[in-house]
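Step one of this worksheet: look at the structure below.
The values are calculated or read from the model by the stated rules, or taken from the named source; none is laboratory data. Every value quoted in this text rests on a predicted model; they were computed, and no experiment measured them. When we count neighbours, we look across all protein chains shown, and the Cβ atoms used for this are built from the backbone with ideal geometry, even at glycine. Calculation scope for accessible area: heavy atoms of the full protein, side chains included, ligands and nucleic acids excluded. Shrake-Rupley method; radii C 1.70, N 1.55, O 1.52, S 1.80 Å.
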Amino acid sequence: MRTRFAPSPTGPLHLGHAFSALTAFDMAQESGGTFLLRIEDIDLSRSRPEWEAAIFDDLSWLGLDWPRPVMRQSERLGVYRAALDRLGAMGLTYACTCTRRDIAEAASAPQEGVATGPDGPIYPGTCKTAGRDAAGAAIRLHMDRAVARTGPIRFHDTGRDIEIGADRLVQEVGDIVLARRDMGTSYHLSVVLDDAAQDITDVVRGRDLQDATAIHVLLQRLMGISSPVYHHHRLIRDAQGKRLAKRNDARALRTYREAGARPADIRAMVGLTRGA
Ligand code: GLU
């Protein structure tokens, strides 16, 4: 078994991150497997070396260990580019110059708002047949062509067998962005290629990413990559029941550390008793 924790170095780690990392680490340990850390820093405008250093520090303090050096997405842009080119050569991508506002305005029933899928608003298809120049544009997936190749997609998620039909992917996910204009890739494309490159067998992450899994499995099918098993865990919420956001420094691990908490206290706070 190979698990991973894949944070973005854009803010402090909070209790929700600790829960994810500890769950993935424990799962690997219990089966004699390997736990990996991966730094998801494709968003160069928001990623900071000091947040990356803080991630290493907090995770070591929690008692986690992982092989070094770690994989960093910012060092893999060529891999993402090559995959994008392959999908392009298969006729599965197109360039899109729409802004968020263009998308909202082009939606067929603006009074009802734009329907939203796991990757944001369902793209109304404005640039689909426009033959835009790819330079400086975002690259989208032709979802209808993609599902014509894959058919319904099936995967294991949190102990269940899931099947998602082609129609649902077209209507409820749509033509997702595979490469943002400012990044040359996207979370979805990178995470699929990285999990494959690291031979991850089990993806452990929060339920907030559950809906993205259909996209990840679809991309795996298109690129001939076998799917890991997915485990989506409960989210750690604050006293008001709100999901913890990275900006919520009040629940940052280092706030607890500075207040004298020990790693066992953090485990207890997120409901993990092993090692406590
Ligand atoms: N980098 C993502 C995040 O910080 C997690 C990616 C994943 O676990 O698939 O939320």
For SER20, the lone unmet condition from (1) open to solvent by 30 Å² or more (accessible area, probe 1.4 Å); (2) small (Gly, Ala, Ser); (3) in contact with a Lys or Arg (Cβ under 7 Å, 6 or more places away or on another chain) is (1)
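Let me confirm something: among LEU62, LEU92, which residue is touching a His at 6+ places or on another chain (Cβ under 9 Å) and more than 16 Å from the ligand (Cβ to nearest atom)?
Numbers: LEU62 fails: touching a His at 6+ places or on another chain (Cβ under 9 Å).
Only one candidate qualifies: LEU92.
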Looking at region 198-240, which of its residues are away from the ligand (no atom under 11 Å from the Cβ), in contact with a helix residue (DSSP H, G or I) (Cβ under 9 Å, 6 or more places away or on another chain) and either without any contact (Cβ under 8 Å) to a residue 12 or more places away in the chain or among the hydroxyl-bearing types (Ser, Thr, Tyr) (or both)? SER226, SER227, ARG237
For region 189-197, state whether one or more residues are part of a loop (DSSP other than H, G, I, E, B), touching a residue at least 24 places away in the same chain (Cβ under 8 Å), open to solvent by 10 Å² or more (accessible area, probe 1.4 Å) and within 16 Å of the ligand (Cβ to nearest atom). no
Can you confirm whether ARG46 is of a type in the set (D, E, K, R), more than 13 Å from the ligand (Cβ to nearest atom) and assigned to a loop (DSSP other than H, G, I, E, B)? no
Can you list the strands (runs of 3 or more DSSP E) lying wholly within region 97-175 that have 2 or more residues being buried (at least 19 other Cβ atoms within 10 Å of the Cβ)? 138-141, 153-157
